[in-house]
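Remarks on the structure that follows.
The values are calculated or read from the model by the stated rules, or taken from the named source; none is laboratory data. Just so it is clear, the structure is predicted and the values come from calculations on it, not from any experiment. Neighbour counts run over all protein chains shown; Cβ positions are idealised from the backbone, glycine included.
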Amino acid sequence: MPDVPLDQLVARLANFPQLGQSVSLTQLQAFLSLISRLLPAIRSDPVNAGLTLPSHLTLPVPVVDFLATSLQLPTSIVILCWAGFGDWAGEPTTSINEDELLGSLGTHFGIAGDTLEPPSHCTTDTCNNAPLTKRQEYQATLFTLRRGVLPITVVSLYCHHCQSTYHHDYKVRHASQAHAQREYYGGVPERIMVSMHHVIERELVVLWEAQMVFSGASAEAASRIYNTALRTRTAETEEKLLPTTVWDSFFLHALLRDATKREITLCVPHNATNADRMNTALEMRNMWMVGTGQDLWAHACTGCQKIIGNKRLSACVTDRVTVGHVCCGVADCQIPLANQSAWFCPAHSKLQFICAVAGCEHRSGIGWRTCDNPTHRAFEEQRRTKGKAMFVLRARQARNAGQAEPRPPTSDMDYLDEVPEEEDQDPPTAPTPSNDLVKIRGRLSRRWTHNEQLIVRCCGIILSRATFFGSEAITSVKDFIHVTFPVQYPGSLPSYIFFDNNCLLLRHLLASVHPRDSRLSAVGFPVDVFHASRKHKDSDEFCTMNCSPVTFPEIMDGDAWVFNSSAAEQANKWFRQFQPIVKEMPILRYNFFLDEMISLRNEWRVNRIRVEGKGPHLIPLADLETRLS
């Protein structure tokens, strides 16, 4: 109810004496609050075409019926309230009671409490700010953080000059054509149209992001939390939040935020399915993130960069973490799978019909991964038997009783389910008089990437991430370093890089004749104290002379490093929580999700560093174009 003097209220009631006898002050307040919420719907009704002032508008019949039912007033009194106080409708406010009324009764009368409006004029330059027409409305569901699930009216308008349809978040030119694109207006709206009938509040997506970053919550968990704890009390007939909607909201929100940061326009296909609509945009963002794409790639602070003597020294750590996705069954093949159920990429798809035993080129039997060769079939049968629960229970009982564990029925062959990476293409060992046990090698399960590799500043900021398909090979680590600290930015190269296997990496670099590798000669490659004392042999003279902690007294403070050499292991502990979430993700979403998690964690981490007084900042690109000293 507007803030008006009492004498004005008394004067209004004097003009409508029937209201003073039929309506309580509480009902009048509720009436004014509801019509303020419903004013957009009242204006958009055909009976009020071209009218804007409340005093000129007529209450549509559905609105009259809704107000009469909600306020428990006769329809004649509702119409009289509108005549007497309709011009007092002001800025809409929200309350739980109103939301529940609109949620429970509004849908019955075809009324939504909120309206999602597009721009009113065309933004195309050649249209000269022409007003939009051809108003169309449809009902959708709004998921909110504090108000639960609400019905909402979504409006679209049309420009006849450029044939563009305008929605709340985006416009589409020639929408009926197959190649039509959704062009987003820019910025991140407070309400995001995830699909035609699902609208999500931005602050709710931010909550889901925080749940994912800090607790490793999946979209399934986020949707269950919302449906259990955040929906309103009148949720029996409400639409439930689905995990697919959570994922679509997460990816679209992140793309809009990224486009805003980079000052580009986000465009996605209009007529694609929700599952595929964002693929091109995701791929472009993934390519951008390779190596130097993280917002804090040029980060520096006193936790990872120190002035020692007259030198400015910086350090980072690289390490692997066991997180991966399904990939092609051919070793080291990086071609994406056609779908998540495929065992081989399109280039190697014919191998799905070939026997899984290494070296065998016969076709596999129907319903089997191996051919009709009795030895190969026994290999697969053994693996199937060993995977059954009853076999596992019998083996456990035998172990507890001190008896020999049962073996599946096989020939006198010994079988290996996994093919060692270096022996993937080796044929099975042929039987010889001196070889009683023949080892059959083959892969009866899908292949997964080996690990994710991180490069982390010693303050905890993650600079870069890469997927290693076959192994944590020294050459792969070297290439990852080159991509993260590219040659065009020599000043980005740290003074020291901690790595568990630095002695092998340094050997490789010293033996390399590639000009690109020579630039790493200015970098120190220490091994942290734990790995140097526990994992590296005393007899390894090269490691002792070149990578041992005692070789780097300038970054030692007594027996401790000046830099935190465990930063990567600490980041890995956080990072590995995502394996259950991403293991079955398509590769585009897999890479995007992990990069986004790193970006959000970095944002949180740099705020902590700022609070700790370590002076976080971004090194200017001009400084990175020259080698730091």
Open item on the list: Looking at the stretch 614-621, can you tell me whether even one residue there is in contact with a strand residue (DSSP E or B) (Cβ under 9 Å, 6 or more places away or on another chain) and assigned to a helix (DSSP H, G or I)?
Closed with: no
Open item on the list: Can you tell me which condition Asp87 does not meet? The list is (1) within 45 Å of the chain's Cα centre (by Cα); (2) in a helix (DSSP H, G or I); (3) modelled with pLDDT under 75, and all the others hold.
Closed with: (1)
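Strands (runs of 3 or more DSSP E) wholly in the stretch 238-336 with at least 3 residues that are at negative phi and either free of Cβ contacts under 8 Å to residues at least 60 places away in the same chain or in contact with a Pro (Cβ under 8 Å, 6 or more places away or on another chain) (or both) - which ones?
Strands (runs of 3 or more DSSP E) meeting the threshold: 311-321.
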Open item on the list: I need a count of the residues in the stretch 255-290 that are surrounded by 14 or more Cβ atoms within 10 Å (Cβ to Cβ) and among the basic types (Lys, Arg).
Closed with: 3
TODO: Considering only the stretch 200-234, state which residues are touching a residue at least 60 places away in the same chain (Cβ under 8 Å) and among the basic types (Lys, Arg).
DONE: Arg231, Arg233
Task: Hits in the stretch 171-185 (condition: in contact (Cβ under 8 Å) with a residue 60 or more places away in the chain and surrounded by 14 or more Cβ atoms within 10 Å (Cβ to Cβ)) - done: Val172, Ala175, Ala180, Gln181, Arg182, Glu183, Tyr184, Tyr185
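Mind checking which residues of the stretch 348-376 are in a strand (DSSP E or B) and within 12 Å of Gly442 (Cα to Cα)? So that I can check it myself, show each step before the final result.
Applying the first criterion (in a strand (DSSP E or B)) to the stretch 348-376 yields 354, 357, 363.
Answer for the stretch 348-376, where residues must be in a strand (DSSP E or B) and within 12 Å of Gly442 (Cα to Cα): Ile354, Val357.
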Open item on the list: Quick check on this structure: which one of Arg465, Arg441 is assigned by TED's automatic domain parsing to the domain that holds Trp368 and either surrounded by 18 or more Cβ atoms within 10 Å (Cβ to Cβ) or not in a loop (DSSP other than H, G, I, E, B) (or both)?
Closed with: Arg441
Open item on the list: Among the residues that make up the stretch 151-163, is at least one of them closer than 30 Å to Ser22 by Cβ, modelled with pLDDT of 75 or more and not assigned by TED's automatic domain parsing to the domain that holds Pro40?
Closed with: yes
Task: Those residues of the stretch 137-184 which are β-branched (Val, Ile, Thr) and more than 22 Å from Pro119 (Cβ to Cβ), in sequence order - done: Thr141, Thr144, Val149
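Per-residue answers, yes or no, for (1) under 29 Å from Leu504 (Cα atoms); (2) among the basic types (Lys, Arg); (3) under 38 Å from the mean Cα position of the chain (by Cα):
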| site | (1), (2), (3) |
| --- | --- |
| Met556 | yes, no, no |
| Trp574 | yes, no, yes |
| Leu588 | no, no, yes |
| Arg605 | no, yes, yes |
| Glu612 | no, no, yes |
| Leu618 | no, no, yes |
| Asp623 | no, no, yes |
Task: Every residue from the stretch 150-182 that is of a type in the set (A, V, I, L, M) and in contact with a Leu (Cβ under 7 Å, 6 or more places away or on another chain) - done: Leu150, Ile152, Val154, Val155, Leu157
- [ ] Specify the residue that is surrounded by the most Cβ atoms within 10 Å (Cβ to Cβ); the eligible residues are those in the stretch 562-608 that are out of contact with any Lys or Arg (no Cβ under 8 Å at 6 or more places or on another chain) and not in a helix (DSSP H, G or I).
- [x] Ser565
Open item on the list: Could you tell me how many of the residues in the stretch 199-218 are β-branched (Val, Ile, Thr) and surrounded by fewer than 18 Cβ atoms within 10 Å (Cβ to Cβ)?
Closed with: 1
- [ ] Would you be able to say whether some residue in the stretch 472-480 is at pLDDT below 90, in a loop (DSSP other than H, G, I, E, B) and either over 25 Å from the mean Cα position of the chain (by Cα) or surrounded by fewer than 21 Cβ atoms within 10 Å (Cβ to Cβ) (or both)?
- [x] yes
Open item on the list: Looking only at the stretch 339-355, filter to residues that are modelled with pLDDT under 90 and either buried (at least 21 other Cβ atoms within 10 Å of the Cβ) or within 21 Å of the chain's Cα centre (by Cα) (or both); which one of those is nearest to Asn564 (Cα to Cα)?
Closed with: Gln340
- [ ] With respect to Tyr138, determine if the residue is among the aromatic types (Phe, Trp, Tyr), in contact with a Cys (Cβ under 8 Å, 6 or more places away or on another chain) and in the same structural domain as Leu256 (by TED's automatic domain parsing).
- [x] no
TODO: Would you mind finding the one in Leu116, Leu102 that is surrounded by 15 or more Cβ atoms within 10 Å (Cβ to Cβ), modelled with pLDDT under 85, out of contact with any helix residue (DSSP H, G or I) (no Cβ under 6 Å at 6 or more places or on another chain) and among the aliphatic types (A, V, I, L, M)?
DONE: Leu102
TODO: Sort through Thr93, Thr107 and tell me the only one that's modelled with pLDDT under 80 and either part of a loop (DSSP other than H, G, I, E, B) or in contact with an Asp or Glu (Cβ under 8 Å, 6 or more places away or on another chain) (or both).
DONE: Thr93
